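A short worksheet on the structure shown next.
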Amino acid sequence: MTFHIITIFPKLFDSYLADSIIQRAIASKKITVKFYNPRDFTKNKHKKVDDIPYGGGPGMIMTVQPVIDAWKKARGRSEKKKFKTIILSPGGTEFTTTYAKRSAKKYTDIIFICGRYEGIDARIKKILGKQAEEVSIGNYVVTGGELAAMVMIDSMSRQIQGVLGNALSLEEERISSREMYTRPPVVEFQGKHYRVPTVLQSGNHKLIDEWRENH
């Protein structure tokens with residue numbers, strides 16, 4: 001799968017993409033990540049990509065032309081690829097593991113449009129029409145769409161065969177628990193002893209699964 005990221009701050013992704021599972025997925029060509037900076041598509045000498053909002057109010061709005069031209073570059077001309085465009089928005093469709101699974105299975109290319117400031121001009125969504133969908137990672141607001149894009153890339157990448165060394169690493173595909181323990185079986189801290197639950201040391205997988213379902 002190829003992830004195309006439209007952002008004016010591509011360097012925000014550097015450390016995230018350079019480590020751990022995502023780095024290995026890129027190195028093994030399971031996924032590819034490409035960037036398109038709207039500043040590179042502006043038609044003014046100052047590389048300006050935003051302007052004041054109609055109707056007044058604080059902040060700035062990202063303008064249509066550089067974002068759409070960046071999208072056209074990301075979209076390309078290949079008819080063999082199956083594209084999905086996601087506009088990161090706190091008011092969009094809720095992102096879930098089901099959404100990640102469906103996207104990883106259905107599409108070869110995902111384009112993320114990362115807004116900044118007060119967001120993007122609403123006409124961008126109207127121009128793209130059914131080719132784009134607004135998606136949210138939660139009922140809160142962050143500074144820009146980049147963080148949300150990272151979350152989605154991580155979740156979608158996990159669904160691609162071979163990205164995780166062991167398919168059982170997908171917590172959503174097995175009985176999992178928010179309480180996890182490792183060695184030693186007893187930890188002492190300030191005079192108190194904290195023990196691993198006995199059932200987890202029993203070797204009885206039926207009882208262990210039952211415990212995990214409830215913890």
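The values are calculated or read from the model by the stated rules, or taken from the named source; none is laboratory data. Fair warning: this is a prediction, and the values are worked out from it, not measured in the lab. Cβ atoms come from the backbone with ideal geometry, glycine included; neighbour counts cover every protein chain shown.
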- Message: I need the full set of residues from the stretch 36-90 which are under 18 Å from Y107 (Cβ atoms), charged (D, E, K, R) and buried (at least 16 other Cβ atoms within 10 Å of the Cβ), in order please.
- Response: R75, K84
- Message: Looking at (1) at pLDDT 95 or above; (2) surrounded by fewer than 15 Cβ atoms within 10 Å (Cβ to Cβ); (3) not in a strand (DSSP E or B), which one does T93 not meet, given that it meets all the others?
- Response: (3)
- Message: Here is a check on your reading of the model: is K101 without any contact (Cβ under 8 Å) to a residue 40 or more places away in the chain, part of a helix (DSSP H, G or I) and of a type outside the set (A, V, I, L, M, F, W, C)?
- Response: no
- Note on the structure: Within the stretch 111-144, the count of residues that are under 14 Å from T93 (Cβ atoms), touching a Lys or Arg at 6+ places or on another chain (Cβ under 9 Å) and either of a type outside the set (D, E, K, R) or not assigned by TED's automatic domain parsing to the domain that holds F95 (or both) comes to 1
- Give the residue, chosen from R24, R39, that is in a helix (DSSP H, G or I) and more than 20 Å from S155 (Cβ to Cβ). R39
- Query: If a residue has to be more than 17 Å from R123 (Cβ to Cβ), assigned to a helix (DSSP H, G or I) and either touching a helix residue (DSSP H, G or I) at 6+ places or on another chain (Cβ under 6 Å) or of a type in the set (G, A, S) (or both) to count, how many in the stretch 49-90 make the cut?
  - Reply: 1
- W71, sole failed condition from (1) touching an Asp or Glu at 6+ places or on another chain (Cβ under 7 Å); (2) closer than 17 Å to F9 by Cα: (1)
